[in-house]
Amino acid sequence: MAKLASRINDLLFHLLMIALLLLLAWLSGRYAQQWDWTRHASNSLNPISIDILERIPGPVEVTAYTPENTSLHDRIRRFVARYQAVKSDINLRFIDPLRQPDEARRQGISLSGELLLRYNDREERIQQLSEERFSNALLRLGHSSEHWVAGLSGHGERDLLGKANHDWGDFGTALRDKGYQIVGLDLATSPTPPDNTALLVIASPLRPLLPGEVDRLETYLNKGGNLLMLSDPDNPVAAELIRTLTGIEQLRGTIVDANVHELGIDNPAVALVPRYPDHPATRQFSLLSLFPQAAALVKPNESPWQMTPLLQTLDRSWNETGPLTGEIERNPLKGEEPGPLVIGYALTRLQADNEQRILVIGDSDFLANSFLDNAGNKDLGLALIRWLTGDDRMIGIPATAADDRELHLSKTAIAIIALGSLILLPLLLLLTGILLVWRRNRA
């Protein structure tokens, strides 16, 4: 009778255990709940990121360009899952750039693991996987206000909406995809740029501006307007306008760069810029950029502006004043300066309690339709426009220090653990089994 009762108890115990497991399985499928027990919640989103997600209505599409069956593939999936836990309509898909090279080329993908985020016909790309960069991309996508970018016209400038090879139409389209409004501006008929103009672009004018137009430009700057000015070699009109408004001088000749030959580029008049200073305009940009037919710039000794060299060539470059044919060598007697040479300066000053920003670049070809897709030119242009219009004022999310991922033990603790797992624990299990058998035999 006692044995029957014992068997019934064992049967009930196993039935209850099975029922409990089935109940847990049902609950796990119906309710999703997780806990982050790491010391600094390193596997959870920062509250700032959660707030950004809560302010973005509608689905967000995330496309990851990475080969299949790689550790990076799984890392991206786990990373995005943290955002999906807060916002369920974030959709993630993977594209293998090796199997679909045309799709990756069409999107301008240059790095494995690059992410493309889409929201309301806008796009943002990130090349380094971090919460700060991902959340800032979402913040820019969810920005509701539109920045107006006005392109000066009427003097032979590059057209932000033009289709010719030398125009900037493709770059203008990229700006529109980012939410910018592109408009033309003729200072001969408009007294000043519209009040909602976030940036005025003067892309290498070929004919001089009228004195009244220059006065209107100076009025725009005195009111704190932001400005992007570009010139080219052998363009005295643009060079003189830059000198008048900023004091920056343009050196004679065209920059030649011997370094590009190592990249398979036969044209020596293409300047290579692989590194950038720790400046807000280029802080999150790391791609190399190419500047065809660029001019070197020199800042004045004194200026009311704070001037930062933003784009610089490497050594083995100089401003060639002679023909760009045959054997080319630097001639110091002709004023040909050795590299590094400055192609672009970033200018800032406080104006009416706001930071006014100007960017002067000695090349307007690098954003032209013919050269926009070279290296990282388009991404650099977008980063510069973002800084000029104030879109660089992004949130800072410090990387969480997960100092509890490593276990440091003393030699004594290691010896105790080894002794317990190899000798004491098996001995305890053996004694427990002997005790159970002895009790069952007595029953």
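The values are calculated or read from the model by the stated rules, or taken from the named source; none is laboratory data. Just so you know, these numbers come straight off a predicted model, no measurement behind them. Cβ atoms come from the backbone with ideal geometry, glycine included; neighbour counts cover every protein chain shown. For the accessible areas, the whole protein counts, side chains as well, though only heavy atoms, and no ligand, DNA or RNA atoms are used. Shrake-Rupley method; radii C 1.70, N 1.55, O 1.52, S 1.80 Å.
Look at (1) of a type outside the set (D, E, K, R); (2) modelled with pLDDT under 65; (3) surrounded by 10 or more Cβ atoms within 10 Å (Cβ to Cβ) and you find that L20 fails only one, number (2). Once the range 130-157 is narrowed to residues that are open to solvent by 40 Å² or more (accessible area, probe 1.4 Å) and without any contact (Cβ under 8 Å) to a residue 60 or more places away in the chain, the residue that is farthest from A238 (Cα to Cα) is S144. Looking only at the range 68-83, count every residue that is without any contact (Cβ under 8 Å) to a residue 12 or more places away in the chain and among the charged types (D, E, K, R) and tell me the total. Adding up the residues that qualify gives 2.
For the range 82-123, a residue qualifies if it is in contact with a Lys or Arg (Cβ under 9 Å, 6 or more places away or on another chain) and not acidic (D, E), and the qualifying residues are L92, F94, P97, Q107, G108, I109, G113, L115, L116, L117, R122. Output yes when any residue across the range 352-359 is modelled with pLDDT of 80 or more, β-branched (V, I, T) and in contact with a Phe, Trp or Tyr (Cβ under 9 Å, 6 or more places away or on another chain), and no when none is. Within the range 352-359 (the criterion being modelled with pLDDT of 80 or more, β-branched (V, I, T) and in contact with a Phe, Trp or Tyr (Cβ under 9 Å, 6 or more places away or on another chain)), the answer is yes, since at least one residue qualifies. Residues of the range 419-442 that are within 19 Å of R7 (Cα to Cα) and either open to solvent by 100 Å² or more (accessible area, probe 1.4 Å) or not hydrophobic (A, V, I, L, M, F, W, C) (or both): G433, L436, W438, R439, R440, N441, R442. Figure legend. Inter-residue proximity from the range 88-110: first residues under 18 Å from N374 (Cβ atoms), second residues of a type in the set (A, V, I, L, M) and open to solvent by 30 Å² or more (accessible area, probe 1.4 Å), beta-carbon distance below 9 Å, spacing 6+ or different chains. Indicated pairs: A104/L98; S110/A375. Within the range 397-414, is even one residue under 30 Å from L311 (Cα atoms), modelled with pLDDT under 85 and not hydrophobic (A, V, I, L, M, F, W, C)? So far as the range 397-414 goes, yes, one or more of its residues are under 30 Å from L311 (Cα atoms), modelled with pLDDT under 85 and not hydrophobic (A, V, I, L, M, F, W, C). V270 passes every criterion in (1) within 29 Å of L152 (Cβ to Cβ); (2) surrounded by fewer than 23 Cβ atoms within 10 Å (Cβ to Cβ) apart from (2). When the range 285-304 is limited to residues that are in contact with a helix residue (DSSP H, G or I) (Cβ under 7 Å, 6 or more places away or on another chain) and in a loop (DSSP other than H, G, I, E, B), the one that is surrounded by the most Cβ atoms within 10 Å (Cβ to Cβ) turns out to be Q293. Within the range 158-182, the set of residues being more than 25 Å from Q293 (Cα to Cα) and surrounded by fewer than 16 Cβ atoms within 10 Å (Cβ to Cβ) comprises D177, Q181. Pairing each residue of the range 335-352 that is under 19 Å from I385 (Cα atoms) with any residue that is acidic (D, E) and at pLDDT 90 or above, provided the two are 6+ apart or on different chains, yields C-beta distances under 8 Å for I343/D363; T348/E355; R349/E355.
When the range 183-215 is filtered for residues that are of a type in the set (D, E) and open to solvent by 30 Å² or more (accessible area, probe 1.4 Å), the ones remaining, listed by number, are D186, D195, D215. Note on the range 50-74: among residues that are in contact with an Asp or Glu (Cβ under 8 Å, 6 or more places away or on another chain) and more than 13 Å from S112 (Cβ to Cβ), the one that is most open to solvent (accessible area, probe 1.4 Å) is P59. Restricting attention to the range 306-339, the residues being open to solvent by less than 70 Å² (accessible area, probe 1.4 Å) and within 31 Å of the chain's Cα centre (by Cα) number 10. Could you say which residue among N374, N319 is assigned to a loop (DSSP other than H, G, I, E, B) and not hydrophobic (A, V, I, L, M, F, W, C)? Every option except N374 fails the conditions. Among the residues of the range 246-259, the one identified as assigned to a helix (DSSP H, G or I) and either within 17 Å of N301 (Cβ to Cβ) or in contact (Cβ under 8 Å) with a residue 60 or more places away in the chain (or both) is T246. Residue count for the range 181-221, restricted to those that are within 20 Å of Q356 (Cα to Cα) and touching a residue at least 40 places away in the same chain (Cβ under 8 Å): 11. Consider the range 216-236 and keep the residues that are open to solvent by less than 30 Å² (accessible area, probe 1.4 Å) and in a helix (DSSP H, G or I). The one that is nearest to S303 (Cα to Cα) is L221.
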